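Asker: Below is a structure I'd like to ask you about.
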Amino acid sequence: MDLAIGYKGQIVSCEDALLVPWGDDRDQQICHVTDPKTGRLIFRHINLCDLPQNEYAARSLNGPRERLRGTYILAGYLSAHLGHCLVGTISSLWPLSQLEGQIDGIVSFRITASPRQVEDRNEAAVAEILRSLGIHLPIFTVRQPTQVDRLILAEKGIGSYKLARGSSYYHRFMRQRLSLSDEELGKKARTKLYITRSQLQVQRRGIVGEAAIDRTFAAAGYEVVAPEKLPLSEQIAKYQTADAIVGLDGTPFHLIPSVCPTDAKIAIIRRRFAKSQNLDGVDFAGQFEAATGTAPTDIDCINGEWRPVETAKASPHIAVLDFEKVYQGLVAGGFLDTTSELHFPSSEEIQSQLDEAAIRIGAGYEFVDFRFSDVA
């Protein structure tokens, strides 16, 4: 399956590797790694490669550089956002389990130049995520050309959207560090969780009226969890013992496949209509299937979207779900009972959320009804 979806498990080791960050012209001066012995590029942007030097690389070979003594492994772009960190920053660190005691630190490129204090905060946030994985290595952000005694580079083990299924070696690396053994799990009480987005900034919640779903699951005996309110260690502890997890698609579902029991029942309610934003859908189902052997229940009941008017700054669309169909799917999947107390958002709740979101983005919203319009 790895080969079928483009993963080869490739690892490269390079002596005196030269890492060069983005230049001012981001179309031409792309971050890369050069092997000085061959003069060829062995990494460019996000991928391993074998390419001849370009002008930017040739100039960097002859310019000043920092020096890092020791052996380092290259991570993806540094990002403190949990979802981006999991599918970007950490995605190429899967060889660490094979290199225990051989690595002195982690190096990473930055997506864009930021004030040093911002980058320091990002490094600290990523270090905390890594500590949850049992990784206690220092992180070095490449801000200028930097030569490393020995650099380990590995292909990305997972990515975004269609690449979200991930490779077997990425999932093995993550689950060995985050999931409980059958023996440990057998000693724990199992719980049911609803992962809510209703506590996020109003324009980022993803759907209108999610508080009604919160009420439904609370009445059904689920713990309603807002992950962003909890330390990462506490999030992981909750997912490790879950018997059932339901929530809107998003960041938590990049982490949960690496943590949850393989027999946990999962349902993901779609909040993004990818076609309307010219995006490929995120393959959360593929990620769960690759990590645990079982695909989640997919609840796709979007009737339309509230979208910022053209004069507004870019902001996420806010989906409108058919709550009746959502609940029907959850009952059919065994997540709710036929006798469960079902809650629906009031018109006042919906209008209040839209009004607050409009204030946040500085412009109004307009509704696009998918049932009666062409959204191609």
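The values are calculated or read from the model by the stated rules, or taken from the named source; none is laboratory data. This one's a predicted model, so the numbers in the text were calculated from it and none came from an experiment. Note: ideal-geometry Cβ built from the backbone for every residue, glycine included; neighbour counts use all protein chains shown. Quick note on the areas: whole protein, heavy atoms, side chains included, nothing else; ligands and nucleic acids left out. Shrake-Rupley method; radii C 1.70, N 1.55, O 1.52, S 1.80 Å.
Asker: Direction-averaged shadow area of the convex hull around the Cα atoms of region 117-161, nm²?
Answerer: Working: hull surface 19.6 nm².
Result: a mean projected hull area of 4.9 nm².
Asker: Taking all protein chains together and a probe of 1.4 Å, list Arg270, Arg131 from the most accessible to the least accessible. Before the final figure, lay out the partial values.
Answerer: Values: Arg270 95, Arg131 125 Å².
The ranking, largest first, comes out as Arg131, Arg270.
Asker: In terms of the ratio Rg/(2.2 N^0.38 Å) built on C-alpha atoms, what value belongs to region 20-134? Each step should come with its number before you reach the end.
Answerer: Values: Rg = 14.8 Å, N = 115, 2.2 N^0.38 = 13.4 Å.
So region 20-134 has a normalised radius of gyration of 1.11.
Asker: Evaluate 2.2 N^0.38 Å with N set to the residue count of region 194-268, then give the Cα radius of gyration divided by it. Let's see the in-between values first.
Answerer: On the way: Rg = 11.9 Å, N = 75, 2.2 N^0.38 = 11.3 Å.
Here the answer is 1.04, to two decimals.
Asker: Another question about this same structure. Quantify, in whole percent, the carbon and sulfur part of the accessible surface of region 58-111 (1.4 Å probe; protein heavy atoms only). Working shown, then result.
Answerer: On the way: 1100 of 2180 Å².
Ligands and nucleic acids excluded, carbon and sulfur reach 51 percent.
Asker: So, with a 1.4 angstrom probe, what is the percent of accessible area on region 127-232 that is carbon and sulfur? Let's see the in-between values first.
Answerer: Working: 2140 of 4450 Å².
On region 127-232, the fraction of accessible area on carbon and sulfur atoms equals 48 percent.
Asker: Accessible area per residue of region 132-272 at 1.4 Å probe, in Å²?
Answerer: On the way: 5240 Å² over 141 residues.
So region 132-272 comes to 37 Å² accessible per residue, rounded to a whole number.
Asker: If I take the Cα coordinates of the chain and project them onto the principal axes, what are the three extents in Å, biggest first?
Answerer: Reported extents, whole Å, longest axis first: 69, 57, 40.
Asker: How many Å² of accessible area per residue for region 1-88, probe 1.4 Å? Intermediate values should be presented prior to the final figure.
Answerer: Working: 4610 Å² over 88 residues.
About 52 Å² of surface per residue is accessible.
Asker: When DSSP beta bridges are limited to those with both residues in the chain, what percentage is antiparallel, rounded to the nearest 5? Provide the component values of the computation, followed by the final result.
Answerer: Numbers: 27 of 57 bridges.
In the chain, approximately 45 percent of DSSP beta bridges are antiparallel ones.
Asker: Something else: Only loop residues by DSSP count here, and only those with at most 16 other Cβ atoms within 10 Å; note down the trypsin sites (Lys or Arg not before Pro) in region 170-269 that meet that. Display every interim value, and only then the final one.
Answerer: On the way: sites: Arg172, Arg175, Arg177, Lys187, Lys188, Arg190, Lys192, Arg197, Arg204, Arg205, Arg215, Lys229, Lys238, Lys265; in loops: Lys187, Lys188, Arg190, Arg197, Arg205.
Of the trypsin sites (Lys or Arg not before Pro), the ones in loops of region 170-269 whose Cβ has at most 16 other Cβ atoms within 10 Å are Lys187, Lys188, Arg190.
Asker: From the Cα gyration tensor of region 157-228, with a ≥ b ≥ c the square roots of its eigenvalues, which class applies: rounded if a/c is under 1.5, or else prolate if a/b is larger than b/c, or else oblate? Provide the component values of the computation, followed by the final result.
Answerer: Numbers: a/c = 3.26, a/b = 1.31, b/c = 2.50.
Judged from the Cα gyration tensor, region 157-228 comes out oblate (a/c at least 1.5, b/c at or above a/b).
Asker: Hey, can you rank 119-126, 8-15 by average C-beta count inside 10 Å, highest first?
Answerer: On the way: 119-126: 16.6, 8-15: 14.1.
Per-residue Cβ counts within 10 Å, averaged per peptide and sorted highest first, yield 119-126, 8-15.
Asker: Straight-line reach from Lys37: which aspartates and glutamates fall under 16 Å, measuring Cα to Cα and dropping same-chain residues less than 8 apart?
Answerer: Partners within reach: Glu15, Asp16, Asp50, Asp149.
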